[in-house]
1. Could you pull out every one of the helices (runs of 4 or more DSSP H) wholly within the range 176-260 that has 1 or more residues that are within 15 Å of the ligand (Cβ to nearest atom) and buried (at least 23 other Cβ atoms within 10 Å of the Cβ)?
2. Being within 15 Å of residue 108 (Cβ to Cβ), under 27 Å from the mean Cα position of the chain (by Cα) and assigned to a helix (DSSP H, G or I) is the filter here; which residues of the range 44-78 pass it?
3. Which numbered condition trips up residue 171, out of (1) in contact with a helix residue (DSSP H, G or I) (Cβ under 6 Å, 6 or more places away or on another chain); (2) touching a residue at least 60 places away in the same chain (Cβ under 8 Å)?
4. When the range 321-337 is examined, which residues are found to be in a loop (DSSP other than H, G, I, E, B), more than 16 Å from residue 366 (Cα to Cα) and touching a residue at least 60 places away in the same chain (Cβ under 8 Å)?
5. Suppose we filter the range 412-441 for residues that are under 24 Å from the mean Cα position of the chain (by Cα) and surrounded by fewer than 16 Cβ atoms within 10 Å (Cβ to Cβ); how many remain?
6. Go through the range 338-438 and tell me which helices (runs of 4 or more DSSP H), entirely inside it, have 1 or more residues that are closer than 24 Å to residue 312 by Cα and at pLDDT 95 or above.
7. For the range 314-344, which positions are more than 9 Å from the ligand (Cβ to nearest atom) and out of contact with any strand residue (DSSP E or B) (no Cβ under 9 Å at 6 or more places or on another chain)?
Ligand SMILES: Cc1ncc(COP(=O)(O)O)c(C=O)c1O
């Protein structure tokens, strides 16, 4: 039977059933079976077409230069664009994209040499393992680590005198209820809508695991936090990069990347490594422009450091928008990167979805206890933030005096724009003296440096070393 006859028959039966349905509101088994038979016939035809397609794909594979890889992403995008224009049926365009991306994946496997060893999903192969800032230098004992945006003052002093190591034979609170209540009290939010994570990294992952399937798209800044593109690949999604203007994404450059396949948007606010931020009105405008089914994750890892009037923690937006997730961490201003504790806040609906993805006991007893103590010492946060501001101002003024260009940041690091040679020269010279900073090669910004703000003494040493190079 041709596809055309099939379509007509299907339409007739569909109309009959619809009419009958209206009259007696019932569909008999016979009618259901007729429709299911139609589906079976269509499936047979689809399979036969897929078989034909696989033969052609295999032939194309033989013509490809395998040293250059078999995947041609531009060609895949062109195919998708064409099909999206043609697609007139009821399946969503997002589903059409996912189905064809699965086809592309299956096709690339046909074109590769036969390999019986274990292979991961295609997107996993593309992951560059997260290395983070350098933490060690061989032969140097006392390094100054300014490569991971940690708090140089460490955590609240109250932690050392308050270590509670009782009950370590018992599992921790399954969802960290006590800590969630304390967090909720501090920020005047609902504890039930808080999900704890092993670092905020884990909550970022929960979002993608909950809402993205293979073939979906995730938007993030072209120079956004490295984990976003890794997480996208983990879930088999495709990263779509929002352009930056002067190292800052805008509502428009984010919206430019929206397609029917967009499921998630990650925005670090402020951004790492560029330090720029979106104001409350920009975030609100963004929320009004994107579809309600797209989840927007506002990663507020550096929120405590932002002291400008038009910045907002975003918690109030959770009441207004069901599709927003705010993430926070104890790794930065709280000085507790070592305990791996972060959290996120979202609408009751989204929090309930995330809570199903979260493993039980994902944050441990010691981490929960330390975080509870740290929360009580808000004076320590205020001191840390103030000292960061003073040291950063001093440092950037001295850099500028030396002719080094800094871009204004709203977090606990400076962002330097130079050229690749100079960036490398400074990095190497500082390393020789045991000071670790981040040349931003892995962010595709080899001409830029990110230097976490340390103590005033650390920053003075850096200036002296750079001075000696010029
Ligand atoms: C923007 C941003 N988000 C999240 C994280 C991860 O933080 P956590 O230690 O809470 O996993 C970092 C760490 O550097 C970061 O820069």
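The values are calculated or read from the model by the stated rules, or taken from the named source; none is laboratory data. Quantities reported herein were computed from a predicted structural model and do not represent experimental measurements. Every residue, glycine as well, gets a Cβ built from its backbone with ideal geometry; the counts of neighbours run over all protein chains shown.
1. On the way: elements: 177-187, 200-211, 226-234, 251-255.
Here the list reads 177-187, 200-211, 226-234.
2. Correct list: 73, 74, 75, 76, 77.
3. (1)
4. Step one: filter the range 321-337 for residues in a loop (DSSP other than H, G, I, E, B), giving 321-323, 330-336.
With the extra rule that they be more than 16 Å from residue 366 (Cα to Cα), the set shrinks to 321-323, 332-333.
Selection gives 332, 333.
5. The qualifying residues number 1.
6. Per the criteria, 348-357, 365-376, 378-401.
7. 316, 319, 320, 333, 334, 335, 338, 339
This table checks each residue for (1) exposed (fewer than 13 other Cβ atoms within 10 Å of the Cβ); (2) closer than 24 Å to residue 123 by Cα; (3) in contact (Cβ under 8 Å) with a residue 24 or more places away in the chain.
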| position | (1), (2), (3) |
| --- | --- |
| 39 | yes, no, no |
| 45 | no, no, yes |
| 49 | yes, no, no |
| 64 | no, yes, yes |
| 69 | yes, yes, no |
